[in-house]
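Asks: The structure that follows is given in the form of structure tokens.
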Amino acid sequence: MSVPASNPESSLPTRRNFLKTSAALAVAGSVATAMTTARSVHAAGSETLKVALIGCGGRGSGAAVDAMAADKNAKITVLADAFGDRVEAARNALKAPLGAQLEVNDDHCFVGIDAYKQVMASDVDVVLLCSPPGFRPAHLRAAIEAGKHVFCEKPVAVDAPGVRHVMESSEMARQKSLNLVSGLCWRYDLGVRDTIKQIQDGMIGDIVAIQENYLAGPLWHRGRKAEWSEMEYQMRNWLYFTWLSGDHNVEQHIHSLDKAMWLMGDKPPKQAFGLGGRQVRTGEQWGNIYDHHAVCYEWENGVKCFAFTRQQPGCFSETEDYVLGTKGRAKILRHEITAGDTTWKYKGAKPSMYRQEHVELFAAIRNGTPINNGGYMCSSTLLAIMGRMATYTGQNISWEMALNSKEDLSPPKLEFGDTPVPTVPMPGSTKFS
């Protein structure tokens with residue numbers, strides 16, 4: 001769930017201080033510190049790295065497979081999830097692809113909302129955080145306090161207090177020389193990396209505008225069973241409840257918004273306005289999220305990003321990043337740049353970005369050269385939350401408003417049983433807080 005920062009005063013930085021914090025965290029991954037942890041030394045060479053998976057759904061199981069492919073001297077030794085059937089399903093599904101790299105005994109299968117605490121008390125070296133985003137701030141803090149290296153799926157929070165909490169945890173990881181790798185996977189796509197480098201090196205001149213399209217169809221829904229409490233129903237269908245997913249503008253569209261931030265040097269915009277709503281998914285089974293969002297972000301230098309996302313069936317679909325510059329234009333996912341009579345196309349290696357995340361994580365652990373993606377994973381998460389704030393309220397939202405927001409989406413009690421059903425936001429009536 002969303003957890004407030006431990007120091008309320010330090011959790012409310014100015015925009016300038018946030019930029020300084022983000023920059024410091026971003027460079028931590030490329031600078032080896034003199035403060036090397038015993039865990040990093042132990043992991044050097046061919047020592048076996050023990051790995052825990054927290055969150056045994058499809059994305060979590062995929063991360064486990066990619067992690068094991070990235071380092072043949074690693075093993076999955078712990079599985080944890082809120083639900084026992086998910087743990088068992090993952091253990092069965094991972095047997096074939098992982099073989100001897102799956103070594104999970106019954107007493108290392110942890111179940112329940114607090115199962116992550118048992119993981120942190122175990123002897124694993126690395127944790128894969130793949131539970132719903134609403135739990136991520138608490139899980140990440142526990143992992144860093146326990147001295148674990150972390151692969152942290154996106155987004156890292158669903159509200160501003162959660163982001164501030166993760167900022168603190170990221171700094172703790174840096175101070176402990178622990179690795180923190182983000183699941184914002186396009187940062188690990190070699191073609192996207194090179195394309196953005198060409199842009200930042202000036203191939204299309206100064207950026208004038210960015211258009212982000214994540215136009216997709218609907219995702220899964222697991223239905224409702226009579227034996228499920230309201231809390232269990234919401235958790236099993238977490239995509240559709242803002243306190244768990246952040247809405248799809250945060251949970252899914254963050255991939256596109258992260259590339260916009262990357263293009264802008266990870267400097268946050270000054271403001272955003274937008275529109276959104278529920279046009280197709282209007283039934284109670286769709287929780288309280290929207291099915292479309294359109295947000296305009298504006299930076300201090302006048303650059304605007306027009307960001308569009310929807311999850312509606314039977315519609316035109318496209319996922320692409322368009323960049324317009326003073327000397328040319330680019331399509332990021334096509335790895336294509338046009339500048340005058342020159343057309344540039346990436347032609348290098350194209351390993352799986354999902355696997356590359358783990359390749360670089362395990363290499364950093366073994367080499368003792370920590371990666372810390374905390375800066376951009378926090379700023380991009382907040383960018384997505386800022387857009388949701390704009391569409392939910394119908395107001396113009398500044399970066400400072402978003403960063404300092406006190407809105408805590410956590411339910412009154414985090415336990416199985418009755419829990420409130422969140423209301424659907426209404427622009428013009430829903431207030432910013």
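The values are calculated or read from the model by the stated rules, or taken from the named source; none is laboratory data. The model shown is predicted, which means the values in this text are computed figures rather than measured ones. For neighbour counting, all protein chains shown are included, and Cβ atoms are generated from backbone atoms with ideal geometry for every residue, glycine included. Only protein heavy atoms, including side chains, enter the accessible area calculation; ligands, DNA and RNA are left aside. Shrake-Rupley method; radii C 1.70, N 1.55, O 1.52, S 1.80 Å.
Asks: Mind listing which trypsin sites (Lys or Arg not before Pro) in the stretch 319-401 are in a DSSP loop and have 11 or fewer other Cβ atoms within 10 Å?
Replies: The qualifying sites are LYS347.
Asks: Right, here's the next one. Tell me, what ³J(HN,Hα) does each residue in the stretch 96-109 have, in order and in whole Hz, if you take phi through Karplus 6.51 cos²θ - 1.76 cosθ + 1.60 with θ = phi - 60° and put x for Gly and Pro?
Replies: Going residue by residue, I get 5, x, 9, x, 5, 7, 9, 9, 10, 7, 4, 7, 10, 10 Hz, with x marking Gly and Pro.
Asks: Shifting gears a bit: Can you grab the distance from the C-alpha centre of the stretch 408-433 to the C-alpha centre of the stretch 61-140, Å, no decimals?
Replies: Using only Cα atoms, the two centres lie 30 Å from each other.
Asks: Something else: Which whole-Hz couplings ³J(HN,Hα) result when phi for each residue of the stretch 196-204 is put into the Karplus expression 6.51 cos²θ - 1.76 cosθ + 1.60, θ = phi - 60°, listed in order with x for Gly and Pro?
Replies: 5, 4, 4, 5, 5, 7, x, 4, 10
Asks: When ligands, DNA and RNA are left out and all protein chains stay put, how many square angstrom of accessible area per residue does the stretch 97-169 have with a 1.4 Å probe?
Replies: That works out to 27 Å² for each residue.
Asks: Return a whole-number percent for the relative contact order of the chain, with Cα pairs under 8 Å and 6 or more residues apart as the contact set.
Replies: Rounded, it is 24 percent for the chain.
Asks: Another question, then. Quick one: among MET120, MET386, MET377, which has the greatest mean-square fluctuation in a GNM of the chain with alpha-carbon springs under 10 angstrom?
Replies: Per the Cα network of the chain with a 10 Å cutoff, MET120 tops the list.
Asks: Of LYS117/LYS413; LYS176/LYS270; LYS304/LYS327; LYS117/LYS154, which ones are farther than 26 Å apart at the Cα?
Replies: Over 26 Å apart, Cα to Cα: LYS176/LYS270.
Asks: Can you tell which of ILE337, ILE371, ILE76 shows the greatest fluctuation in a Gaussian network model of the chain with Cα springs below 10 Å?
Replies: Maximum among the listed residues: ILE337.
Asks: Let me have the relative contact order for the stretch 115-257, percent, based on Cα pairs under 8 Å that are six or more residues apart.
Replies: 25
Asks: Another question, then. Heavy atoms only, probe 1.4 Å: what % of the accessible area of the chain goes to carbon and sulfur, would you let me know?
Replies: 53
Asks: Which of HIS253, HIS335, HIS292 moves the most in a Gaussian network model of the chain with Cα springs under 10 Å?
Replies: HIS335
Asks: Only loop residues by DSSP count here, and only those with at most 16 other Cβ atoms within 10 Å; note down the GluC sites (Glu not before Pro) in the stretch 94-201 that meet that.
Replies: GLU103
Asks: Further question: Ignoring chymotrypsin sites (Phe, Trp or Tyr not before Pro) that are buried or in helix or strand per DSSP, and keeping those with at most 11 other beta carbon atoms within 10 Å, what is the longest stretch of the chain between them?
Replies: Result, exposed sites excluded: 1-219.
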